[in-house]
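Following: one structure in structure tokens, then a few remarks.
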Amino acid sequence: MPLPDLAAFVSLPPGAGGAESRVKIPLAGGGLAALLKPVKMDRPPRPASGGDPRLSANVFRVIFNVAIATGLAILLVIAWLAYQAVDTAITSGRQETHSQEVLTAVEEIFGQSERAAAAAHRYTAYGDTRALDNFRTLATVRVPKELADVVALTRDDQVQQQRLAELGEALKEQAVLLELLMMRERGTTENYRRLSVLEERIANLAGALRSEETAQLSAHRELAARTARDAQLTTFWGGLLTMLLVGGAWWIARRYDHERELVEARLRAAEAGVRRLTDSVPGMICYLDSERRIVYHNRTYREVLGLSREQIGGRHAYVVLGAEVYAQSRPYIDRALAGETVVFERVHNLASGELRHLACSYTPDFDGEGRVIGLYGMHLDITERKRAEEMKGEFIAQVSHELRTPLTSILGALEIVNDGIAGDLPAHAVRMVRIAHANTERLLKLVAEILDVQKMSAGQFEVRREAIDVAALVRQAVNASAGLAQKAGVTLAADGLPESAPAIGDADRVVQVVSNLVSNAVKFSPRGGAVRVTLDVAPQLVSVAVADHGEGIPRAAQSRVFERFFQGGSIQGTGLGLAISKGIVDMMGGVIGFESEEGRGSKFHFTVPRAVVAEEA
Amino acid sequence: MARPATLKRILQIDDDEDILAVGQAALEGYGGFEVRTAQTGGQALDVARSFAPQLILLDWMMPGMDGLQTLRALQASPELAQVPVVYLTAAVSPSLREAALAAGAVEVLIKPFVPRLLVAELKQIWARCAAS
């Protein structure tokens, strides 16, 4: 089949390729069946160019997803860094303010402390009592308050706290010394020396406090600057990389879309090709999904049903076929959807009233896991063939009748002449008349056999089902064959038959079967041989056997014994006798069979039921 | 209706002239019957009315009036309605046999026939009819 080998899917927009709106068809290199299979478009199409299209589609998808994911991750990192920078900036601003406050407060302490010292000196020098009051206010109220403020500001900093505690002690000591000096107590010189030492210590402590706060301040400033720089760099490079990734993803998506369009265009072309192909098939083709919707059909399907695309596409088989036809087909649909391939024939009544014979086959469609997901239906119109078969049957029946009519006259006339009813014949004519008579009978038997076979193949063969006595019929057949056996020099024995053997069947046909088996046995027996006919009566059936000690049937030929026109050995005959016998026995509900050994003889047997058995479908 | 004890007059109807000749020779030669023949159903009715057969031997497949139509015509005629009709046909099958018996034939015999046996069978049939 010259179809493009495109492993992909196609999706037709409504009205573009068919009225089955959005019918999805996979186009694989798997022949017509695969081409007709509808599949849900749950995966993106596979690009057709270069290498394995599925792989390339996957690679595309992976790259696209990785690019997008990476871009998102980078954006997340940037956001986090920005947050960190802002947070650091805020913290550092707050720290700076704090440090400034601490420095100011420290300066204030020293300011107050120096003013207290100045007030003390003024009192000592001029005896200004206001200066004494001022000193006391500053030394005992203002300086301790400022100190308490700084302690509160630096409560988280243990080192500073320790320094402030030392400073507090020094200031208190300074205040006491100044008080002593103002009161001109003894040891003034010593006290001046101590005051000078104390002032140096206070200056050192103040320096340590200031430098500590200044160091902290610059550390915060540096951290804020570094964080801001980092955030700037990361944002720049991250932004650049994200732009590249998004651009790449966009490019991939665009290329992917382009490939997809190409593939879809090719698939649409391929699908149109498949549609033209199936439309050119004179049989009705359809595909039923597991929900029994007809999701694909060809032109013949439409034309035979007399429906439009819209009336079929995607609709349930019940709706399309109608209740009656659906009921006919349903058992077969059930079986096909259960995984069985079914072949059957049915008669379809056209809208015009015309009857068409259809040969149908439903083939299940399996998915990768072996589940049935639909069925392929093929229906061939065999009306003409059926008609030809019927005509052939009628023709053979007519010919047989036309043959039997003259044979009746010939046979009757010869009998009459032979029996001397029409006067005496000269002796030399009698032999000729007998030859003519024997051969007429042979011809008649042949015509009867051909007619039987024709009826069997046309399904028109009928047998009666009446009460019969098989024993009497066997005796009748054996008696009729006595002449034949005698002529062949074969002993024909039917001793030990029961008095009667009642059964249900067709008397004439039972005689025909027995005669046929006996005549075969006699034909295949050597001169001087013996043929024995026996009969057994069982509760359910009567069984007749004809045994000979002739040449037997070669093993290789045994399976073909009941075939039409099969001929064993060198014995002449039509090869129809056993085929007809089997047909008769089967029709009566019995079983025919044989055992045979080459060189030792054969035993053929058949049964006749004693009660009416249900006719096989 | 009382019938004479022995079968004497037979009417044979068949479209084939030779079969009529052979049949007549057989029936006369082996059975000693008095035989008339007819080649069509129409002719048969005429012959039957004048001949008054005791038994009618009738073919099934005939051009024009076929065996079944002829039987119906015979049955429609008051003086012939009671005459037993035996079919003698080459086209025999169980369904045809059933149809023939259902239509009112007393027996269906098949062609080709062995003259001697045909006579014997007709005698038996006649005896059966006389007994009933």
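Here, each number is a calculation from the coordinates, and none is a lab measurement. Because the structure is predicted, anything quoted here is derived from the model rather than measured. Positions of Cβ are generated from backbone atoms using ideal geometry, with glycine treated the same way; all protein chains shown enter the neighbour counts.
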Can you put A:T234, A:T154 in order of Cβ neighbours within 10 angstrom, beginning with the fewest? A:T234, A:T154
Neighbour-count order for A:H428, A:H605, A:H258, fewest beta carbons within 10 angstrom listed first: A:H428, A:H258, A:H605
So, with +1 on the Cβ of K and R and -1 on the Cβ of D and E, and no other charges, what is the size of the charge dipole of the range A:252-367 about its Cα centre, to the nearest 20 debye? 280 debye
Using alpha carbon positions and the Kirkwood radius, the Rg to Rh ratio of the range A:461-586 is 0.96
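Below 15 angstrom from the Cβ of B:A76, what's the summed charge of the other residues (Lys, Arg +1; Asp, Glu -1)?
Taking every Cβ under 15 Å from that of B:A76, the sum is 0.
Once you average over the residues of A:575-588, how many Cβ atoms of partner chains fall within 10 Å of each Cβ? If you can, show how the numbers build up before the last one.
Details: counts 0, 0, 0, 0, 0, 0, 0, 0, 0, 0, 0, 0, 0, 0.
Going residue by residue through A:575-588 and averaging, the value is 0.
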If packing is taken as the average count of other Cβ atoms within 10 Å, what order do A:551-564, A:461-474 fall into, highest mean first? A:461-474, A:551-564
Residue with peak Gaussian network fluctuation, chain B [Cα springs, cutoff 10 Å], from B:D15, B:D59, B:D46: B:D46
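Just add up the charged neighbours of A:D157: K/R +1, D/E -1, any other residue whose Cβ is under 12 Å from the Cβ of A:D157.
Surrounding charge for A:D157 is -1.
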List the GluC sites (Glu not before Pro) within the range B:19-105 that DSSP assigns to loop and that have no more than 14 neighbouring Cβ atoms inside 10 Å. B:E79
At R0 = 30 Å, how high is the FRET efficiency between B:T6 and A:A480 if r is their beta carbon distance? Nearest 0.05 is fine. 0.50
Given a Förster distance of 45 Å, the FRET efficiency implied by the Cβ-Cβ spacing of B:A73 and A:V433, rounded to the nearest 0.05, works out to 0.70
Got a sec? How would A:E200, A:E212, A:E101 order by Cβ neighbour count within 10 Å, fewest to most? A:E200, A:E101, A:E212
Under the rule a/c < 1.5 gives rounded, and otherwise a/b versus b/c splits prolate from oblate, where does the protein assembly as shown land using the Cα gyration tensor? prolate
Selected from A:G412, A:I435, A:L425, residue furthest toward positive end of dipole (the range A:404-467; charges at beta carbon): A:I435
Distance from the range A:69-108 to the range A:471-502 (C-alpha centre basis), Å: 125 Å
Compare the Cα positions of A:L167, A:V197, A:S218 along the charge dipole of the range A:132-262 (+1 at Cβ of Lys, Arg; -1 at Cβ of Asp, Glu; about the Cα centre) and return the one farthest towards the positive end. A:S218
Using only C-alpha atoms and all pairs of different ones, pull out the Kirkwood radius for chain B in Å with one decimal. 14.5 Å
From the cross-link list A:K445/A:K523; A:K145/A:K172; A:K445/A:K582; A:K386/A:K455; A:K487/A:K523; B:K8/B:K111, which pairs have alpha carbons spaced over 19 Å apart? B:K8/B:K111
For the protein assembly as shown, give the share of DSSP beta bridges that are antiparallel, in percent and rounded to the nearest 5; count only bridges with both residues there. 75 percent
Which value, in debye to the nearest 20, describes the size of the charge dipole of the range A:438-521 about its Cα centre when Lys and Arg Cβ atoms bear +1, Asp and Glu Cβ atoms bear -1, and nothing else is charged? 240 debye
Which of rounded, prolate, oblate describes the range A:211-268, given a ≥ b ≥ c as roots of the alpha-carbon gyration tensor eigenvalues and a/c under 1.5 marking rounded, otherwise prolate only if a/b is larger than b/c? prolate
Linear extension gain, A:E384 paired with A:V66, 0.36 nm per residue minus alpha-carbon span: 108.0 nm
PRE reach from A:A422 (point 7 Å along Cα→Cβ): which of the range B:115-129 fall under 15 Å by backbone N? B:115-116
Inside 10 Å of the C-beta atoms of A:492-503, what's the mean count of C-beta atoms belonging to other chains? 0
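To the nearest 20 debye, what charge dipole does the protein assembly as shown have about its Cα centre, counting +1 at the Cβ of each Lys and Arg and -1 at the Cβ of each Asp and Glu?
460 debye
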Shielding by partners for B:19-29, please: the mean number of other protein chain Cβ atoms within 10 Å of each residue's Cβ. 4
Tell me the volume per residue, in Å³, of the convex hull enclosing the alpha carbons of the range A:171-255. 76 Å³
What number results when the radius of gyration of the range A:117-228, computed over Cα atoms, is divided by 2.2 N^0.38 Å? 1.35
Order of A:351-363, A:498-510 by packing, highest average Cβ count within 10 Å first? A:498-510, A:351-363
If you line up the long axis of helix A:323-337 against the longest principal axis of chain A, both from Cα atoms, how many degrees apart are they, to the nearest 10? 70 degrees
Taking the Cα centre of the protein assembly as shown as the origin and placing charges on Cβ (Lys, Arg +1; Asp, Glu -1), which of A:H401, A:T140, B:V106 is farthest toward the positive end of the dipole? A:H401
